Amino acid sequence: MSQKIPAVSMALLALILLTFFTASRVNPQITGEVGNNIDVGMKAPDMSFFSADDINLKVNSTDDVFAAGGTINVDSTSADHLVIAGGGITVKNVTIEDLFAAGGELDLVSGKVADDIVVAGGDVFVRPGFSIGGSAVVAGGDARFEAAVPVDLRIGAGSVYLNSVVGGDARLSGDKVTLGPQARIGGDLLYRTENLIIQPGAVVNGRRMVLPPEDHSTFESWGRGAGKLFAMLAVAVTLGFAVLVVAIAIAMPSLMRSSADFIRSKPLKSLGFGVLVAVGVPLAIVLLVASVIGAPVAMLLAAICFAITPVAVAATAYLLGIEARKLMTKADDHPTAWTARLFWPALGAAAILLLGMIPVLGLLVWLFAMLFGLGAVVSRGGKALAQNA
């Protein structure tokens, strides 16, 4: 699709869609499971979502499969798109169209991907038995790539080791870049490193080109000109967002309390469910927009999502405020006095906003605040809203 949709609105649309499909008992189009430990062995013709601390995944699906958790082992799985996120990920004996994966340690052992892979992790291993039919994009701390790529390969990591056949161009960047003895690059080698090692036996059929240093001057110039404007807006945005969070906390106390308790007791499950909702929304949008009937529904849900946007972040802000109250006053319960119900959520909102202004880190703060809150609101929203009604 040529038109890009903001990530926040996509995540919120996924929240509405997933809640709708989960609540529906008639002809469900999405299947899913959330728990502490999941062993999945099933035939899943529909889109599937799984979130747990530990997941053993063996799924035969004709649609897309999403999984998020602490440790994920994927074995003997077939799907259209496989989207996984976790602390440690192992993938074996898969037959899929595309792979999107992110984890602390990512090990792609064996299987067949008909088209492209996009993966990121602290340590990324792509073994010789892992077959790729298209291009590959890899980002990580250390990347060891030993699978053949018929088209183009792009790797950005602290340390890069390439020891396989690349049919097209190889674009490699890192502190250290090594071409092993089995490396065969059919196109050009484009690299950015101060330590390039080409071992005996490695072949580059095309040109060897040093990539120019990344140019940040445009962003720096824009930043200097916009800095004063952001400084003036910062206070107004902080106060406005804090007031909004307080209003949500006052209007929906059961939802805030229930969501905060869920994040505190099961943070990984909350984050995992939030990730599943967020990454699933592009596919949901395509499904709705592609049909004549679904397009108006998609527009309506998008409008609803913009209205719900603060709720997920407000849940995380409420939790931060309650945790700060616990540290300062030793009170372990939720506040009941009006002053406390106003002050502590506002303090949590201010903390998110102030941290959110820090370059790079701020983006992560906003992202995780939304994902944690999204997972908690989806998991606890129904019962909590019923209590508020």
Determine the pairs where a residue that is within 16 Å of Ala136 (Cα to Cα), located within the stretch 85-100, has a partner that is hydroxyl-bearing (Ser, Thr, Tyr) and surrounded by 24 or more Cβ atoms within 10 Å (Cβ to Cβ) with Cβ atoms under 6 Å apart, the partner being 6 or more residues away or on another chain. none
Can you pull out the residues in the stretch 150-188 that are open to solvent by 50 Å² or more (accessible area, probe 1.4 Å) and either touching a residue at least 24 places away in the same chain (Cβ under 8 Å) or assigned to a loop (DSSP other than H, G, I, E, B) (or both)? Pro150, Val151, Asp152, Asp169, Arg171, Asp175, Gln182
Would it be correct to say that Ala147 is crowded, with 17+ Cβ neighbours inside 10 Å, touching a residue at least 24 places away in the same chain (Cβ under 8 Å) and assigned to a loop (DSSP other than H, G, I, E, B)? yes
Within the stretch 329-381, can you find the residues that are closer than 19 Å to Ile263 by Cα and part of a loop (DSSP other than H, G, I, E, B)? Ala331, Asp332, Asp333, His334, Pro335
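The values are calculated or read from the model by the stated rules, or taken from the named source; none is laboratory data. Because the structure is predicted, anything quoted here is derived from the model rather than measured. Ideal geometry is used to build each Cβ from the backbone, glycine not excepted, and the neighbour counts take in all protein chains shown. Areas reflect the complete protein model, heavy atoms only, side chains present, ligands, DNA and RNA absent. Shrake-Rupley method; radii C 1.70, N 1.55, O 1.52, S 1.80 Å.
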